[in-house]
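> This is the structure I want to talk about, given as structure tokens.
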Amino acid sequence: MNSKKATYIALTLIIILGLVYLKSAIDMGYGDTSTPGAGFFPILLVCMLVVLCIVSLIQTMMRTDDKKIDLPNIRLISLTVIISFLFILSWVWFGYFYISLFAYLLILMTVYYFEEMNKKRFGKNLVISLVLTVLIYGVFDYLLGLNLT
């Protein structure tokens, strides 16, 4: 893949994510002329993000050099993106964040260490996934008071 094409893809995805974020920021409310609402600052940030992405797109179009980008682990990168997308969907659909997080971490570590997978490695993955999930639970539920279930 060449660098221009990769830049176009990345900037387009960032703009799309920014617009999705803009919708949720608008739902929070702008506020009025005397006091800004909860969505005012996020809306401002999204607008700046989109404008800067458009500027970067224009700069990329004007660029004459084009390097080849070598992606040796494209299958692993693609699999990680797909698994991450499925994690987010499972969290949204089922609502059990910590169960989804545990499964997500376990699946990712299993994929990354697939070549050296045995019972001992799987046990390590299981323990690491469990410990990280419990730590995240402790931080968000107890320290920050945010219930993510």
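> If you go through segment 64-86 one residue at a time, do you hit one that is in a loop (DSSP other than H, G, I, E, B), modelled with pLDDT under 90, closer than 28 Å to Lys4 by Cβ and among the basic types (Lys, Arg)?
yes
> Go through segment 68-115 and report how many residues are in contact with a helix residue (DSSP H, G or I) (Cβ under 9 Å, 6 or more places away or on another chain) and among the basic types (Lys, Arg).
1
> For segment 87-112, which positions are farther than 23 Å from Lys124 by Cβ, part of a helix (DSSP H, G or I) and not β-branched (Val, Ile, Thr)?
Passing the criteria: Leu89, Ser90, Trp91, Trp93, Phe94, Phe97.
The rows are residues; the columns are (1) closer than 18 Å to Asn147 by Cα; (2) without any contact (Cβ under 8 Å) to a residue 12 or more places away in the chain; (3) not aromatic (Phe, Trp, Tyr).
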site	(1), (2), (3)
Thr80	no, no, yes
Ser84	no, no, yes
Trp93	yes, yes, no
Ile99	yes, yes, yes
Ala103	no, no, yes
Leu108	no, no, yes
Tyr112	no, no, no
Asn118	no, yes, yes
Gly123	no, yes, yes
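> Working only within segment 6-25, note down all residues that are exposed (fewer than 14 other Cβ atoms within 10 Å of the Cβ) and either of a type in the set (A, V, I, L, M) or outside the structural domain of Val51 (by TED's automatic domain parsing) (or both).
Scanning segment 6-25 gives Ile9, Ala10, Leu13, Ile16, Leu17, Leu19, Val20.
> Tally up the residues in segment 19-42 that are over 26 Å from Thr7 (Cβ atoms), among the β-branched types (Val, Ile, Thr) and not in a loop (DSSP other than H, G, I, E, B), please.
Counting residues in segment 19-42 that are over 26 Å from Thr7 (Cβ atoms), among the β-branched types (Val, Ile, Thr) and not in a loop (DSSP other than H, G, I, E, B) gives 1.
> Would a scan of segment 44-63 turn up a residue that is exposed (fewer than 13 other Cβ atoms within 10 Å of the Cβ) and assigned to a loop (DSSP other than H, G, I, E, B)?
Checked segment 44-63: at least one residue is exposed (fewer than 13 other Cβ atoms within 10 Å of the Cβ) and assigned to a loop (DSSP other than H, G, I, E, B).
> Might you check whether a residue that is of a type in the set (Gly, Ala, Ser) and at pLDDT 90 or above occurs anywhere in segment 12-19?
There is at least one residue in segment 12-19 that is of a type in the set (Gly, Ala, Ser) and at pLDDT 90 or above.
> Evaluate the following for Tyr104: is it within 13 Å of Phe87 (Cβ to Cβ), of a type in the set (Phe, Trp, Tyr) and assigned by TED's automatic domain parsing to the domain that holds Phe85?
So Tyr104 fits the description; yes.
The values are calculated or read from the model by the stated rules, or taken from the named source; none is laboratory data. It should be emphasised that the depicted structure is a prediction, and the values quoted were computed from it without experimental measurement. All Cβ positions, even for glycine, are placed from backbone atoms using ideal geometry, and neighbour counts span all protein chains on display.
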